[in-house]
Amino acid sequence: GAWDDDSTAPLIPCHPKDKVPCLDSWKQHQKKPPTIRQIKSWLKKYPGCNWAMMTGEVSGFVVLDLDDYDVGMAWLQSNMLDKPKTTIAETSANGHWHYYLQWPGRQCANFARRIPGFDFRGDGGYVIIPGSTHPSGDKYKWLIGTDPKSVPPAECPEWLLRELFGDKQQVKHIVTGK
């Protein structure tokens, strides 16, 4: 089946109420995600742990991490840009959101605060996923109406592709091959 013990999932365990992986090294899983068998063994070994999804090519997703709602929204508004209409997880009650987007088809590095109010998790990164507990005690959860079944992850918006890769023509060529 789709979830037999030998299938894989881009998940790693993190300490409870924390973002730090339980594993001494998780880097090997960026190229070869753990098997369901391995994840089941971690469930027993690390009861109550948080779970992280690796971002980038390994999962097919990248995450735009809104860490400062007011600053991020002001930046989008001042640049006349729309926030992505996509899958969104709330990471804490004070306006911290993860925008899940499709991996753009090319290696893209993580960055912090290059865009005011936002961090970005691409290849080599990970994000804590809904069902886990934030250090504040808040639960990570899907925003109502933006869970993956209601709103599938969107393609990266043009403004984010420009930030990641440069000008629009170059980006179009990289992503679509045209």
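Within region 130-137, does at least one residue satisfy the condition of being open to solvent by 40 Å² or more (accessible area, probe 1.4 Å) and either on the phi < 0 side of the Ramachandran plot or touching a Lys or Arg at 6+ places or on another chain (Cβ under 6 Å) (or both)? Taking every residue of region 130-137 in turn, at least one turns out to be open to solvent by 40 Å² or more (accessible area, probe 1.4 Å) and either on the phi < 0 side of the Ramachandran plot or touching a Lys or Arg at 6+ places or on another chain (Cβ under 6 Å) (or both). Residue count for region 95-108 under the criterion of being touching a residue at least 40 places away in the same chain (Cβ under 8 Å), out of contact with any Cys (no Cβ under 7 Å at 6 or more places or on another chain) and in a loop (DSSP other than H, G, I, E, B): the result is 5. Of all residues assigned to region 23-36, none qualifies as being within 22 Å of Lys149 (Cβ to Cβ) and under 15 Å from the mean Cα position of the chain (by Cα). Looking only at region 59-117, residues that are among the polar types (S, T, N, Q) and over 16 Å from the mean Cα position of the chain (by Cα) come to 4 in all.
Please go through region 42-73 and give me each residue that is more than 27 Å from Ala154 (Cβ to Cβ) and open to solvent by 50 Å² or more (accessible area, probe 1.4 Å), ordered by number.
Of everything in region 42-73, those that are more than 27 Å from Ala154 (Cβ to Cβ) and open to solvent by 50 Å² or more (accessible area, probe 1.4 Å) turn out to be Leu43, Lys44, Lys45, Pro47, Gly48.
One residue stands out among those in region 141-158 that are in contact (Cβ under 8 Å) with a residue 24 or more places away in the chain and within 21 Å of Asn94 (Cβ to Cβ): the one that is surrounded by the most Cβ atoms within 10 Å (Cβ to Cβ), which is Trp142.
Residue count for region 91-113 under the criterion of being open to solvent by 50 Å² or more (accessible area, probe 1.4 Å) and closer than 12 Å to Leu66 by Cα: the result is 3. Consider region 11-41. How many of its residues are small (Gly, Ala, Ser) and open to solvent by 80 Å² or more (accessible area, probe 1.4 Å)? So the answer is 0. Looking across region 78-114, the residues that are among the hydrophobic types (A, V, I, L, M, F, W, C) and more than 18 Å from Phe61 (Cβ to Cβ) come down to Met80, Leu81, Ala93, Ala112.
The values are calculated or read from the model by the stated rules, or taken from the named source; none is laboratory data. Remember, it's a predicted structure, so these values are computed and weren't measured experimentally. Glycine also receives a Cβ, built like all others from the backbone with ideal geometry; neighbour counts cover every protein chain displayed. These area figures cover heavy atoms from the full protein model, side chains too; ligands, DNA and RNA do not enter into them. Shrake-Rupley method; radii C 1.70, N 1.55, O 1.52, S 1.80 Å.
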